[in-house]
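Reviewing the structure listed below.
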Amino acid sequence: METSEPYVSVAESIRRGMAECSPAERKVARVLLSSYPSAGFETVAKLAARAGVSGPTVLRFANRLGYRGFPEFQQALRDDLDERSASPISLYDRGVGGPGESGPSGLSRAAAITVETLQRTFAGVAPGEFDRAVTLLCEPRSRLFVTGGRFSGLLAKFLAQHLQLLRPGVHLLPSDDAGRAEAVAGLRRGDTLVLFDYRRYEEPSHRLALAANARRASVLLFTDAWLSPIAGDADVVLPSETGSPSAFDAMTPVLGLVEAVIGAALEQLGDAASARMREIERAGTELGIY
C-alpha cells in the first residue's frame, strides 16, 4: 500500500535539521526548542537577540527548514499549535470519526487507517534516535523509571514489565505524589526517566522531566507527531503518528514502536537478558506461578 509522507512537526524538523545548521543557526534552533512554540512567535529581531545572532541568520534558518520566509514559518507554528491542543470533542466537531464515517465499510476503513499510521510511524522515526533509546534502556549500571499519562500509562506499564524481564533496575514510577517525590529525590546521573506524553499534554509529566534534568538523569520521551513540550528537555524523542478512524488518538502505533524497542533491547542485552529470564522462570516455577 502506498502511504503519504509521515507528518513532521515544526519542532521535530528543527531537531532533525540541527546537524546541517551552521553554529549560529544552531543557536536559533536551541532557543526555539527551549521555549517551544512561544519563541517562534517573536519578531525576527527579538528571536535573533535571544539567540545572540543576526536577523539574517534567523531568516536563513527558516529557509533551511524549507520555509519561504519567517511569516510562513510562523504560520506552520500556528497550525502545529492548533493540532497539539486538539481535544477529542474538537476533532469530533471537525467531522473526524463523526456521523457518516461508520457503516458497512467501517472495518475496512479502520484497517486501512491503522496500517497507514503504523507505516508512517516507523518511516518517521530517525534510526539514530531509535538506537540511542535502546542504548539508554540497556545501560547495565543505570536505573530506569517509567511512567505515562491517563491512557499512555498503560503503555508505560507494558514497557516496564517487559524490561523487568530483561534486566534489573527497572521501576514503574509510583502513581501517588509521595511515592513520586521519593523516586525523583533519588534520581542521579546515569539514571533514565522514560515518559509517555501525548496531546493534550500533561504538565505533571513535564515537571518530572525538569526534575530529572536538574539531577542530570537522562530523559527518553515517547510522544506524538506534534511533540510534547517535554521534547525540548528530552535526550531522546520517539514520536508516533496517532491518526485513527475515530476522534481519539490511536495508541496502536505507539505500541508497535514500544514492541520494536523491546525487541531491540532483547537483542542488545543478549545472554544477560536470557540468563535473567531463565532465573525468573525458575523462581516462578518454585512459587507455583507457572
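Picking from residues in the range 191-207 that are modelled with pLDDT under 95 and in contact with a Lys or Arg (Cβ under 9 Å, 6 or more places away or on another chain), the one that is farthest from Leu137 (Cα to Cα) is Arg200. Annotation: Arg78 fulfils all but one of (1) among the charged types (D, E, K, R); (2) outside the structural domain of Phe41 (by TED's automatic domain parsing); (3) modelled with pLDDT of 70 or more; the unmet one is (2). Against the conditions (1) buried (at least 24 other Cβ atoms within 10 Å of the Cβ); (2) farther than 18 Å from Pro174 by Cα, Asp233 satisfies every one except (1).
Restricting attention to the range 151-170, the residues that are out of contact with any Lys or Arg (no Cβ under 7 Å at 6 or more places or on another chain) and either more than 18 Å from Arg278 (Cβ to Cβ) or modelled with pLDDT under 95 (or both) total 10.
The values are calculated or read from the model by the stated rules, or taken from the named source; none is laboratory data. Predicted model, so just to flag it, every value in this text is computed and none were measured. Every residue, glycine as well, gets a Cβ built from its backbone with ideal geometry; the counts of neighbours run over all protein chains shown.
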